[in-house]
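Participant: First, the structure itself, so that you have it in front of you.
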Amino acid sequence: MNKPNAHELDRLRAGKIYVAGHGGMVGSALVRRLQEAGCGNLILKTRAELDLENQQQVRDFMQAEKPDFVFLAAARVGGIHANNTWPAQFIYSNLMMAANVIDAAYQVGVERLLFLGSSCIYPKQAAQPMSEDCLLTGVLEETNEPYAIAKIAGIKLCESYNREYGTDFRSVMPTNLYGANDNFDLETSHVLPALLRKFHEAKQTGSPTVEIWGSGKPRREFLHVDDLADACVYIACLAQAVYAEYTHPRQSHLNIGTGSDVSIAELAEIIREVVGYEGKIQYNSEYPDGSMRKLLDVSAVKELGWEAVIGLQEGVASTYRWYLDQGSAWA
Ligand code: GFB
């Protein structure tokens, strides 16, 4: 774990913190990390208790609670197939949640807010690794353009409120995430949990092949969600002047990743080994590849003193153990 600024961490510990989306993979990791860091005053609301797409509910909740800090980890997320199949739901839900929470946070004087985005905000043909300043320099990848537009809007909301109202709203753009509490539903999940489940079930049933979507050639950078949560707390604890020094008023986001990537075929080999499956891999080109490469330039966050510590092999193994501990929950 990376050590956050002690003075700022004390402010976080003394404050009231709202974690939006605490039931999800990212939100639950954030709650674990905040509790480990000694932050005990957390406000957590289930979707049934608070609908973040409902502006009035969000305003009433913020007025009643008046949190000091907000981590905006609530989002409608999914893998390539889900993004491609339900574009309206991805753009609408994410736009509404970002607009409602960010505006209500401003209205009640939230001291600091951290908005979580995604590396798919960058253009399809961006030079690799993708640095923060390639945002809005080209056309987006089509399978997840609606989701990406909503996430770009979230960054621009934070920036605009900072410029117009002097708020301290920050944004982090994580690369592809995985870990405990991931989604293992084969239709809506991302590649890493999908392959863990597919190899596991193929091993159990003695199936001779496992199907992998696309060509296996696209490259992705995978970050364990506990590393991301650590980065979020670290960045939320940067003094405002330090954060400002590494960002820009019109480009206020920071990339979070490991700095290295693997092809989907290489990822499949790692997962096959962790699971202990001995059959064959079959590629299905009827499914899209999506972006051919999405590697983040993480030099800014590194210069700020943060880096990822969980290796891919180790992270895949612990995620597999987590999946096994869930028993037949995903069957
Ligand atoms: O993880 P994934 O769904 O999302 O897919 P993206 C990554 C790559 O893995 C694609 C391939 O080339 C897929 O075709 N793949 C192979 C598979 N087998 C499978 C499988 O069984 N399931 C899945 N899901 N993929 C998403 C975006 O893009 O990444 C979101 O749609 C978001 O907006 C997220 O940014 C992080 O990396 O292509």
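The values are calculated or read from the model by the stated rules, or taken from the named source; none is laboratory data. Note that the structure is predicted; figures quoted are calculated from it, not measured. As a convention, Cβ positions derive from the backbone with ideal geometry for all residues, glycine included, and neighbour counts pool all protein chains shown. Accessible surface is based on the protein model in full, side chains and every heavy atom, while ligands, DNA and RNA are left aside. Shrake-Rupley method; radii C 1.70, N 1.55, O 1.52, S 1.80 Å.
Participant: Which one, H7, N176, N54, projects farthest toward the positive side of the charge dipole computed for the chain from Cβ point charges (K/R +1, D/E -1)?
Facilitator: N54
Participant: Amide H neighbours of Y287 under 5 Å, at least 5 residues apart or on other chains, H built in the peptide plane: list them.
Facilitator: G214
Participant: Determine, at each q value in 0.26, 0.27 (inverse angstroms), the log₁₀ of I(q)/I(0) that the Debye formula gives when each Cα of the range 171-231 is one equal point scatterer.
Facilitator: Debye curve over Cα of the range 171-231, log10 I(q)/I(0) at q = 0.26, 0.27 Å⁻¹: -1.17, -1.21.
Participant: Taking just the alpha-carbon atoms of the range 6-131, what radius of gyration and Dmax come out, in angstrom?
Facilitator: Over the range 6-131's Cα set, Rg and Dmax evaluate to 15.7, 46 Å.
Participant: At what distance in nm do the modelled label points of Q89 and D185 sit from each other, each positioned 7 Å from its Cα along Cα→Cβ?
Facilitator: Result: 0.6 nm between the two label points.
Participant: Quick one: Kirkwood hydrodynamic radius for the range 203-280, alpha-carbon pairs, angstrom, one decimal?
Facilitator: Every distinct Cα pair counted, the radius reaches 15.9 Å.
Participant: In Å², what does the accessible area per residue of the range 242-331 work out to with a 1.4 Å probe?
Facilitator: 52 Å²
Participant: Can you give the extra length, in nm with one decimal, that the chain gains between E266 and N284 once fully stretched, where that is 0.36 nm per residue apart less the Cα-Cα distance?
Facilitator: 4.9 nm
Participant: Which one, A88, L195, I17, is farthest towards the positive end of the dipole of the chain when Lys and Arg carry +1 and Asp and Glu -1 on their Cβ?
Facilitator: I17
Participant: Computed over the Cα atoms, what is the radius of gyration of the chain divided by 2.2 N^0.38 Å, N being its residue count?
Facilitator: With N residues counted in the chain, Rg over 2.2 N^0.38 Å equals 0.97.
Participant: With the full set of protein chains in place, find how many percent of the accessible area of the chain is carbon and sulfur; take the probe as 1.4 Å.
Facilitator: The value for the chain is 48 percent carbon and sulfur by accessible area.
Participant: Taking the Cα centre of the chain as the origin, how large is its charge dipole in debye, to the nearest 20, when only Lys and Arg (+1) and Asp and Glu (-1) carry charge on their Cβ atoms?
Facilitator: 180 debye
Participant: Can you give the charge dipole size of the range 219-294 about its Cα centre, rounded to the nearest 20 debye, using +1 on the beta carbon of Lys and Arg and -1 on the beta carbon of Asp and Glu?
Facilitator: For the range 219-294, the charge dipole is close to 300 debye.
Participant: Report the net charge of residues surrounding G21, where surrounding means a beta-carbon distance below 15 angstrom and charges are Lys +1, Arg +1, Asp -1, Glu -1.
Facilitator: Around G21, the charge tally is +2.
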